[in-house]
Structures are given as structure tokens and as C-alpha cells.
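Quick notes on the structure that follows.
The values are calculated or read from the model by the stated rules, or taken from the named source; none is laboratory data. Values in this document were obtained by computation on a predicted structure and should not be read as measured data. Every residue, glycine among them, receives a Cβ derived from its backbone with ideal geometry; neighbour counts consider all protein chains shown.
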Amino acid sequence: MAVTMDRTTIIERVPSSVARVSLTPPGPVPGLLDGAWWPRSRDLSRELPALTDVLDARWGRITRVTVNPAHWPVIPRKVPVTGHTVHVGWFVEQDPHKLILLSYTSGRWDLLVIPPETGAAAAARLMSAAAVPGDLHTAVDLMAGEDTTRDAKETLNREEEWETDGGAASAAAGSPNPIRPLTSLISARM
């Protein structure tokens with residue numbers, strides 16, 4: 001797999017609007033994920049500043065981020081954010097649907113990354129599922145579950161469409177009844 005690394009640090013970028021984040025409420029039982037992030041694009045340089053604006057206030061200064069390069073076409077080494085720079089790394093072994101955030105003062109957090117092209121309803125389900133305290137689902141498990149849900153809904157929609165377009169009921173009405181022709185044939189011969 002080819003990974004593009006952007007070795008330049010761009011002094012100023014226009015950040016996207018407020019980050020779409022759902023975080024697990026603080027509690028005694030930690031789960032495998034600390035919430036979910038639904039970026040608007042696959043441009044880390046544009047998306048990370050909005051995310052760190054939300055998280056720095058809650059978790060302390062985010063200093064490092066790691067991603068799997070499968071879903072990020074360009075991975076910058078450094079991203080300028082409000083008041084500091086975030087160093088970005090990548091690991092092919094990392095769950096492709098997870099973003100790991102590190103802070104020198106507060107530790108590590110794992111967020112489910114919901115693909116930008118995901119529909120609003122599916123994203124809401126995923127954000128809610130990733131923010132359940134003590135949940136033991138991994139990011140890839142949640143995404144696989146959503147894929148299964150989406151496939152089941154598409155199948156159901158196709159079946160409903162087939163029924164409303166004259167599917168099973170119409171097919172049964174349009175086929176000749178095999179008993180009627182025999183009955184009429186027998187009565188005609190008698």
C-alpha cells in the first residue's frame with residue numbers, strides 16, 4: 001500500500017466547522033472506545049484542528065494522533081492546531097476505523113472514526129454505540145455491525161419495493177391456476 005506523507009507544516013489552514021464528536025461520559029468502567037468522531041472529509045490537516053479544539057478543553061492538550069493509512073489519502077507529519085502542533089503517525093496494524101489520541105498530561109483515548117460519506121442516521125447510531133460506558137465492542141466490530149444493519153435494511157427495502165411494484169401478489173395473480181384448466185377440460189369432455 002502506498003502512503004503519502006506530507007512533510008511540510010502549513011502555518012495556517014482553514015479549519016472545518018465544529019467537530020462532530022460523541023464522547024463516553026466519565027465513569028468507573030472503561031470501555032474499548034472513548035467515543036466517536038465523524039469528520040466531514042478525509043483531510044487530516046483540515047479536520048484535526050476542529051477535533052482538538054473540542055478535546056483539548058476536556059482531556060488536556062492533545063499532542064499526538066495515530067491513524068491507519070487505509071482511509072486517509074494524505075497523512076501529514078504535523079498539524080497546526082489552536083495554540084500548538086499535533087504530531088501525526090500511522091500504523092497499518094491499527095484498527096482502520098480508529099483514531100488514537102495522546103496527551104502528555106492525561107493519557108490516551110481511542111475514538112471510532114465514522115467515514116465522512118456515512119449517512120446521518122447511520123452516523124448517529126454509530127456515535128451512540130461508541131459512547132456507551134464500559135462497552136467492549138471494537139471500532140471494527142461497530143462498523144461491521146452497521147454494515148450488517150445497512151445490508152439488512154437495503155434487502156428489506158428491495159423486497160418492499162418488489163411487493164409494491166407488483167411482486168409476489170402480482171406474480172401469483174398473473175400465473176395460470178393449474179387446477180382450473182384441468183377442471184374445465186374434464187367437464188368439457190363429459
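Would you call V74 β-branched (V, I, T) and touching a residue at least 40 places away in the same chain (Cβ under 8 Å)? For V74, the condition - β-branched (V, I, T) and touching a residue at least 40 places away in the same chain (Cβ under 8 Å) - is met.
A residue that is in a loop (DSSP other than H, G, I, E, B), within 16 Å of A131 (Cβ to Cβ), out of contact with any strand residue (DSSP E or B) (no Cβ under 6 Å at 6 or more places or on another chain) and at pLDDT 95 or above can be found somewhere in region 34-46. Among (1) modelled with pLDDT under 95; (2) within 29 Å of G145 (Cα to Cα), there is one condition D53 misses while meeting the rest; what is its number? It is condition (2) that D53 fails.
Condition check: touching a His at 6+ places or on another chain (Cβ under 7 Å) and at pLDDT 95 or above. Does L112 satisfy that? So L112 fits the description; yes. Checked against the criteria, I62 counts as among the β-branched types (V, I, T), surrounded by 13 or more Cβ atoms within 10 Å (Cβ to Cβ) and in a loop (DSSP other than H, G, I, E, B).
Selection of region 74-126 for residues being assigned to a loop (DSSP other than H, G, I, E, B), surrounded by fewer than 18 Cβ atoms within 10 Å (Cβ to Cβ) and among the charged types (D, E, K, R) yields R77, E93, E117.
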